[in-house]
Amino acid sequence: MKSYQGKTVYITGGSSGIGLAAAKQFAGAGANVAIFSRDQKKLDAALPAIQAMGHDRNPSGISDRVPVPGQKFLAVQLDVGNHTDVDAKMSATARDFGAPDVLVNCAGVAWCNYIEETPYEQYERMMMTDFFGVRNTVTALLPFMKERGGNIVNVASILGVIGVFGYAAYCPSKFAVIGFSEVVRAEMKKYNIRVSVLCPPDTDTPQLVEENKTKPPETRAIAGNTGLMQPEQVAALMIKGMEGNKLMIVPGFMNWLSWTLNRWTPGLVRSVMDSDAKKAQAKKGSGGQGSGGSGQNPRTP
Ligand SMILES: NC(=O)c1ccc[n+]([C@@H]2O[C@H](COP(=O)([O-])OP(=O)(O)OC[C@H]3O[C@@H](n4cnc5c(N)ncnc54)[C@H](OP(=O)(O)O)[C@@H]3O)[C@@H](O)[C@H]2O)c1
């Protein structure tokens, strides 16, 4: 990882999981780090942990973590789905804390359910957070980033390229993130703003714990196929991919294999997933939707 001394990094969803791991790694490389999320308690707990990473003056030897002089950290409470809030708070942060050289859009929520059991509000919540959240921060910050160039990393998912059983609300939000990112890349190239999309596999974070509680058996049977990664690994590969100016960052071998197979042989991927779903349906003995999924969503909005 290169030095980020004197650079400013914004991370939405920086209070937990992949976003928090990335915030710590950028802090360790000397960046000024601002994190954004809703829950003030989580922000208050995350900020000292990020600060404690300081700047490692001797990264390859005995740890020597001391913040670089002037290194700054900030936590801002906001809901990325609220565009008025995002416009106001992102602009104020850019003016007072400094405009971002790197923007990581990591805020997200995920629940599964059968299509016919997914309430409208759940579609709305996932689109508002996972897609509009990305749209809102990017459009709020483009005026500042256009003056200096920089990197934007939008966190999608392998479910942003593959439509998987049980993800009627989540998949569209992540497909939208990828489409939006491709447009931002094309339009912002002349301003030296580089865009990457991270497509993590299952990653050991609080979101995955919540998501697992809502998975119908068919989804459970399919979803275990891409392996489990730690947020620190995913964050490190995200930063490496961003530094290498990759558009699509797909961490993990099984995840990359699924992505590649889906690109070249989508029919094969669909038939493997259909077969996994069919086996799960046979096992539960009901043979179909609407009977035997979690049905109850513990975090239904
Ligand atoms: N974990 C996985 O298996 C996995 C796989 C593929 C993709 N992803 C994606 O990776 C990203 C990070 O997920 P994670 O697993 O690291 O989840 P996580 O540990 O639950 O972290 C999610 C972060 O987003 C914030 N957040 C949620 N809704 C928000 C909102 N409306 N406004 C502002 N902040 C909000 C949360 O804080 P508050 O709740 O306090 O707001 C938290 O900081 C998400 O986009 C997720 O979809 C995760």
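Note on segment 85-115: residues that are out of contact with any Leu (no Cβ under 7 Å at 6 or more places or on another chain), closer than 27 Å to residue 210 by Cβ, more than 10 Å from the ligand (Cβ to nearest atom) and not aliphatic (A, V, I, L, M) total 4. Scanning segment 257-276 for residues that are of a type in the set (Val, Ile, Thr) and in a helix (DSSP H, G or I), we see that the one that is surrounded by the fewest Cβ atoms within 10 Å (Cβ to Cβ) is 260.
Residue by residue, here is whether (1) closer than 22 Å to residue 77 by Cβ; (2) modelled with pLDDT under 95; (3) among the polar types (S, T, N, Q) holds:
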{"residue": "114", "(1), (2), (3)": "no, no, no"}
{"residue": "123", "(1), (2), (3)": "no, no, no"}
{"residue": "126", "(1), (2), (3)": "yes, no, no"}
{"residue": "130", "(1), (2), (3)": "yes, no, no"}
{"residue": "134", "(1), (2), (3)": "yes, no, no"}
{"residue": "139", "(1), (2), (3)": "yes, no, yes"}
{"residue": "145", "(1), (2), (3)": "no, no, no"}
{"residue": "149", "(1), (2), (3)": "no, no, no"}
{"residue": "154", "(1), (2), (3)": "yes, no, yes"}
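Scanning segment 1-22 for residues that are touching a Leu at 6+ places or on another chain (Cβ under 9 Å) and closer than 22 Å to residue 92 by Cα turns up 9, 10, 11, 12, 13, 14, 15.
Taking (1) touching a helix residue (DSSP H, G or I) at 6+ places or on another chain (Cβ under 8 Å); (2) near the ligand (Cβ under 9 Å from one of its atoms); (3) not hydrophobic (A, V, I, L, M, F, W, C) in turn, residue 210 satisfies each apart from (1). Within segment 128-143, which residues are away from the ligand (no atom under 11 Å from the Cβ) and buried (at least 19 other Cβ atoms within 10 Å of the Cβ)? Answer for segment 128-143, where residues must be away from the ligand (no atom under 11 Å from the Cβ) and buried (at least 19 other Cβ atoms within 10 Å of the Cβ): 135, 138, 140, 141. Candidates 195, 209: the one that is closer than 24 Å to residue 111 by Cβ and of a type in the set (Val, Ile, Thr) is 209. Kindly indicate whether any position in segment 226-233 is in contact with a helix residue (DSSP H, G or I) (Cβ under 9 Å, 6 or more places away or on another chain), modelled with pLDDT of 90 or more and charged (D, E, K, R). Checked against the condition, which is being in contact with a helix residue (DSSP H, G or I) (Cβ under 9 Å, 6 or more places away or on another chain), modelled with pLDDT of 90 or more and charged (D, E, K, R), segment 226-233 yields at least one hit. Annotation note: Cβ proximity below 9 Å between a residue of segment 43-54 that is free of Cβ contacts under 8 Å to residues at least 24 places away in the same chain and within 11 Å of the ligand (Cβ to nearest atom) and a residue that is part of a helix (DSSP H, G or I) and of a type outside the set (S, T, N, Q) (sequence gap 6+ or interchain) occurs for no pair.
When the strands (runs of 3 or more DSSP E) confined to segment 66-176 are screened for residues that are in contact (Cβ under 8 Å) with a residue 12 or more places away in the chain and more than 18 Å from residue 38 (Cα to Cα), those reaching at least 3 such residues are found at 150-155. Please tell me if residue 181 is more than 8 Å from the ligand (Cβ to nearest atom) and in contact with a helix residue (DSSP H, G or I) (Cβ under 7 Å, 6 or more places away or on another chain). It is false that residue 181 is more than 8 Å from the ligand (Cβ to nearest atom) and in contact with a helix residue (DSSP H, G or I) (Cβ under 7 Å, 6 or more places away or on another chain). Would you mind stating whether residue 221 is touching a Lys or Arg at 6+ places or on another chain (Cβ under 7 Å) and either part of a helix (DSSP H, G or I) or at pLDDT 95 or above (or both)? Answer is yes for this residue.
The values are calculated or read from the model by the stated rules, or taken from the named source; none is laboratory data. Keep in mind that this is a model prediction, so the values were computed, not measured. Using ideal geometry, Cβ is built from the backbone for each residue, glycine included, and neighbour counts are taken over all protein chains shown.
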